[in-house]
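Asks: One structure, as structure tokens, below. Some questions next.
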Amino acid sequence: MEKGENSEKIKKNILKRASTDKIMWFSMWFLLSIITFGLALFPMLYLLIERRNRHFQRQRELENLLLSALKEKGVNLETETDSFYDRKALLWALSAVLIVPIFLAAYFLSKDLLLHEKRQTALFRKIFPDEDIAEQKISLKFCLIITFVTLGFGIIYWFYKIFNAYNKHFKEQWKIEDKIIELFERNR
């Protein structure tokens, strides 16, 4: 693969972020859920999981492209293997009728982001050792305790944290991706 071809593929992948990394607003979905007596919960859950799947897939592709581009330049980075798989968004959204899957979805959305970000941060720190790359924090223990103590109503707070954590994660990643584009532009 030619040097320019690889950098073009990386740029194309990064530009896909406009369609994969959608910013979602908790306040809109919360009000919509109240107005629709909870019916908006199903499309909200579907969109959260689908957004997670699309972002993780794009990130997998970006990492593979970056690693092959770096390998061409003689830099061989060791990375953890990707253990994420797509979650069935429609199945999870529809199963929310049973109530318990809502809590499981919140747990998996939180846990998946924490693991994804840990792996991604390790890679980006290898590529940009001088950059300060922030990791998002969702305290799973705190969210579980709040949800348990409030007899389930803490799930509202938990989803608020999920929305914000994913939004912050996307924005932080966009900054790093912009630096990746700059790096490839300079090294042409």
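Asks: Given the options I155, I35, I138, state which has the largest fluctuation in a GNM of the chain using a 10 Å cut-off (strictly under) for Cα springs.
Replies: I35
Asks: For the stretch 16-158, how many pairs of lysine residues have a Cα-Cα distance under 17 Å, where the two are 8 or more positions apart or belong to different chains? Walk me through the numbers before you get to the answer.
Replies: Values: K71/K126; K73/K126; K88/K111; K111/K137; K111/K141; K118/K126; K118/K137.
So the count of such lysine pairs works out to 7.
Asks: For F37 paired with K12, estimate the spin-label separation in nm (one decimal), with each label point 7 Å from Cα along the Cα-to-Cβ line.
Replies: So the label points at F37 and K12 sit 4.9 nm apart.
Asks: May I ask you to give the average projected area over all directions of the convex hull of the Cα atoms of the stretch 41-80, in nm² rounded to one decimal? It would help to have the intermediate numbers written out before the result.
Replies: On the way: hull surface 12.0 nm².
The number I arrive at for the stretch 41-80 is 3.0 nm².
Asks: For the stretch 96-177, what Kirkwood radius comes out of the mean inverse Cα-Cα distance, in Å?
Replies: Details: mean 1/r = 0.0726 Å⁻¹.
For the stretch 96-177, inverting the mean 1/r across all distinct Cα pairs yields 13.8 Å.
Asks: How much length is gained on full extension from F26 to R60, taking 0.36 nm per residue of separation minus their Cα-Cα distance?
Replies: Values: separation 34, 0.36 × 34 = 12.24 nm, distance 2.66 nm.
Gain on stretching F26 to R60: 9.6 nm.
Asks: To the nearest 0.05, how large is the calculated FRET efficiency for K71 and L94 if R₀ is 41 Å and r is the Cβ-Cβ distance?
Replies: Values: r = 43 Å, r/R0 = 1.04.
Using R0 = 41 Å, I get an efficiency of 0.45.
Asks: Same structure, new question: In debye to the nearest 20, how big a dipole does the chain give about its Cα centre with +1 on each Lys and Arg Cβ and -1 on each Asp and Glu Cβ? Walk me through the intermediate numbers first.
Replies: Numbers: 30 positive and 23 negative charges, 52 e Å.
Rounded to the nearest 20 debye, it is 260 debye.
Asks: While we're looking at this one, here's another question. Cα centroid distance between the stretch 18-66 and the stretch 125-139, in Å?
Replies: Here the answer is 23 Å between Cα centres.
Asks: List the pair-distance distribution P(r) of the stretch 1-135, using every Cα-Cα distance, as the percent of pairs falling in each 5 Å bin from 0 up to the bin containing the longest distance, rounded to whole percents.
Replies: Taking every Cα pair in the stretch 1-135, the percentages come to 2, 9, 16, 18, 18, 13, 9, 7, 5, 3, 1, 0.
Asks: In addition: Quote the Stokes-Einstein diffusion coefficient, in whole µm² s⁻¹, for the stretch 1-79, based on the Kirkwood radius over alpha carbon pairs, a temperature of 20 °C and a viscosity of 1.002 mPa s. Write out the running numbers ahead of the final one.
Replies: On the way: Rh = 14.9 Å.
D = 144 µm²/s.
Asks: Cα to Cα, under 15 Å, and not fewer than 8 places away if on the same chain: which aspartates and glutamates meet these conditions relative to K12?
Replies: Within reach: D21, E61, E63, E177, D178, E182, E185.
We did not get these values from a lab; they are worked out from the coordinates using the rules stated. Everything numeric here is computed off the predicted structure, so don't read it as measured data. So basically every Cβ, Gly included, is an ideal-geometry build from the backbone, and we count neighbours across all protein chains shown.
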